[in-house]
Amino acid sequence: MSSQPSTWTPAGGAFWAGRWHHPDTTLEVLDPEDGQLVGRVGDCTAADVDEAVRAVAQAVLAGPAWPIWQRREALHRAASLLVEREAAFAELLSREGCKPIRDALREVQRAVETVRLSAEQADRLEGQTLPFGDTPRGENRLGWYTREPVGVVAAITPFNDPLNLVAHKVAPALIGGNGVVLKPAEQTPLVALAFTELLLDAGVPADRVAVLPGRGATVGAALVGHPRVDLVSFTGGYTTGNAIAATAGAKKTVMELGGNGTVVVLPDADVRRAAQAVVDGAFGNAGQNCLSVQRVFVARELVDELVERVVRLTTELVVGSKADDRTDVGPLIDETSAARVESWVDEAVEGGAAVLTGAKREGTYYWPTVLVSVPAGARVLTEEVFGPVVSIEPFDSVDAVVTEVNGLEYGLQAGVFTRDLDAALDVAQRLRVGAVMINDTGDFRIDAMPFGGSKRSGVGREGVPFAVDAMTEPKIIAIHRSPRPA
Ligand code: NAP
């Protein structure tokens, strides 16, 4: 793979029950930039899902033991192989997805960290003795608990970070001793197949992993509803999350859903720094990022300067081909998505919004767009845009901003810019979101932190150590010894 990435195709159209499969029916993977064919993958069925889940369940319950030291070694090897293959992974990720090559390379490097960090979580798989002597009912008992795998993890991933979000589910599941069945996004399955191939090369037992490309309504739904799946780990949109919750019933679920990225710029903020961070956070991956900056509330006295700086930096961004390493902004994932973003901006403009730059579409490309005077209730303010659009709004009262943000349906991460620590902490403590970054936008994450949101932004937390906790459970063993003879 590393020598000729552009001609590389994964070993098969799907992988389960320890071997590559080539289903008769396939799905085409197209480059969103020009519609060129990048590869074909299996269009798996519900029957395939059933076989795959049963095989993984069999491996976990009745297969040979996979000791923790072997899991740790396999994942360390996987991280090293990913470093060796980083150029090929970056090229594949960029071609089937939306990221310019520079950003694709950064994602591969993030995934290396995610896998390595997962390997290191071997140390976390510990238990402790239990204080049975604390109560008269515990007399003559001693025991302990250990952390055990939940069993079969179903991993369902979106298109926008097609490698690192796969790594965030598969690697913690494996270090925890589980088996995992992965359903990657329909638009970006190739990098998931390549990652599975890499895990096998690294020594992950072939019967513990499966990857089944296919449609959400078929493969995804069959996985979620399968009685032998023990935990569903999902990243994607709120609507899909709702459908999954309805199908999963009482199964364990972890869901990382959408956001609508708020930034608050207080009167004493460093405007230059805030403007650069807003532009980076709003337009990276063409805004197709759950942490994307979407709404900027700025103190009225700073609004002119902030707007001027944001617009200037935005017009300097290079919109172009993903293969060009000068490109900052590539395409949206498909034309339907680009047309949806266009229609939401048009709706805001009809309601009175002013476009300061952007609002232009060509095919799957939508130009980075800065809006002001957006009417209340416009979808670019209340929904998740998932495109390169940012709205800037002046404020006079911090309390009103906090009330407005807390009234939104999403609450993933937010940012606050100020030099006043007390003011920063005050805003940070009052916002109902999963994280607040001070003097940064909410578009920041390290892979070890507990990641997730409040309200419609998710259920539970991901982030490697927290994913390992979710994917393992304590199991008690206790001994009832005979009472000592009197
Ligand atoms: P999506 O449409 O919700 O799809 C996500 C995954 O779910 C895909 O693999 C999809 O398959 C599958 N799916 C669809 N219907 C399903 C069903 N009924 N049952 C089971 N699985 C089903 O999301 P997307 O458009 O790929 O990604 C964008 C969304 O992801 C945004 O809302 C973004 O905020 C969110 N996201 C959140 C985070 C986070 O960590 N909070 C990170 C990244 C992205 P198909 O591809 O075949 O439809």
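With the condition being buried (at least 24 other Cβ atoms within 10 Å of the Cβ), I'd like the strands (runs of 3 or more DSSP E) fully within the range 136-198 carrying at least 2 qualifying residues. Walk me through how you get there before you give the answer.
Details: elements: 141-149, 152-156, 179-183.
Here the list reads 152-156, 179-183.
Mind checking whether some residue in the range 276-293 is hydroxyl-bearing (Ser, Thr, Tyr), near the ligand (Cβ under 10 Å from one of its atoms) and within 24 Å of VAL318 (Cα to Cα)? Even if it seems obvious, please write down each step before you answer.
Step one: of the range 276-293, the residues hydroxyl-bearing (Ser, Thr, Tyr) are 292.
Right, trim to near the ligand (Cβ under 10 Å from one of its atoms) and you get 292.
Among the residues that remain, those that are also within 24 Å of VAL318 (Cα to Cα) are: 292.
Yes, the conditions are met somewhere in the range 276-293.
Condition first: open to solvent by 10 Å² or more (accessible area, probe 1.4 Å), of a type in the set (A, V, I, L, M, F, W, C), under 28 Å from VAL112 (Cβ atoms) and within 15 Å of the ligand (Cβ to nearest atom). Can you find one or more residues in the range 211-231 that meet it?
Checked against the condition, which is being open to solvent by 10 Å² or more (accessible area, probe 1.4 Å), of a type in the set (A, V, I, L, M, F, W, C), under 28 Å from VAL112 (Cβ atoms) and within 15 Å of the ligand (Cβ to nearest atom), the range 211-231 yields no hits at all.
Going through the range 343-355 one residue at a time, which ones are away from the ligand (no atom under 16 Å from the Cβ) and either surrounded by 19 or more Cβ atoms within 10 Å (Cβ to Cβ) or among the aromatic types (Phe, Trp, Tyr) (or both)? Walk me through how you get there before you give the answer.
Just the residues of the range 343-355 that are away from the ligand (no atom under 16 Å from the Cβ), to begin with: 343, 345-355.
If the condition is that a residue be away from the ligand (no atom under 16 Å from the Cβ) and either surrounded by 19 or more Cβ atoms within 10 Å (Cβ to Cβ) or among the aromatic types (Phe, Trp, Tyr) (or both), then VAL345, ALA348, ALA353 are the ones that fit.
Restricting attention to helices (runs of 4 or more DSSP H) lying wholly within the range 386-486, give those where 2 or more residues are open to solvent by 40 Å² or more (accessible area, probe 1.4 Å) and outside the structural domain of ASP304 (by TED's automatic domain parsing).
Working: elements: 398-406, 421-430, 464-470.
It comes to 464-470.
Which residue pairs have Cβ atoms closer than 7 Å, lie 6 or more positions apart in sequence or on different chains, and pair a first residue in the range 68-93 that is closer than 24 Å to ASP207 by Cα with a second residue that is open to solvent by 50 Å² or more (accessible area, probe 1.4 Å) and part of a helix (DSSP H, G or I)?
Pairs found: HIS76/ARG116; ALA79/ARG116; LEU81/ASP201.
From the set of residues in the range 109-135 that are in contact with a strand residue (DSSP E or B) (Cβ under 9 Å, 6 or more places away or on another chain) and in a loop (DSSP other than H, G, I, E, B), which is modelled with the highest pLDDT? Write out each step before concluding.
Going through the range 109-135, the residues in contact with a strand residue (DSSP E or B) (Cβ under 9 Å, 6 or more places away or on another chain) turn out to be 124-130, 132-133.
Filter again for in a loop (DSSP other than H, G, I, E, B), leaving 125-127, 130.
Values: LEU125: 93, GLU126: 92, GLY127: 93, LEU130: 96.
Filtering first and then ranking leaves LEU130.
Looking only at the range 245-264, count every residue that is over 16 Å from the mean Cα position of the chain (by Cα) and surrounded by fewer than 24 Cβ atoms within 10 Å (Cβ to Cβ) and tell me the total.
Residues of the range 245-264 over 16 Å from the mean Cα position of the chain (by Cα): 245-252, 262-264.
Filter once more, so that each one left must be surrounded by fewer than 24 Cβ atoms within 10 Å (Cβ to Cβ): 245-252.
Result for the range 245-264: 8.
The values are calculated or read from the model by the stated rules, or taken from the named source; none is laboratory data. Note that the structure is a prediction, hence the values are computed from the model and not measured. Don't worry about glycine lacking a Cβ; one is built from the backbone with ideal geometry, like all the others, and counts go over all protein chains shown. Keep in mind that these areas ignore ligands, DNA and RNA; they rest on the heavy atoms of the full protein, side chains included. Shrake-Rupley method; radii C 1.70, N 1.55, O 1.52, S 1.80 Å.
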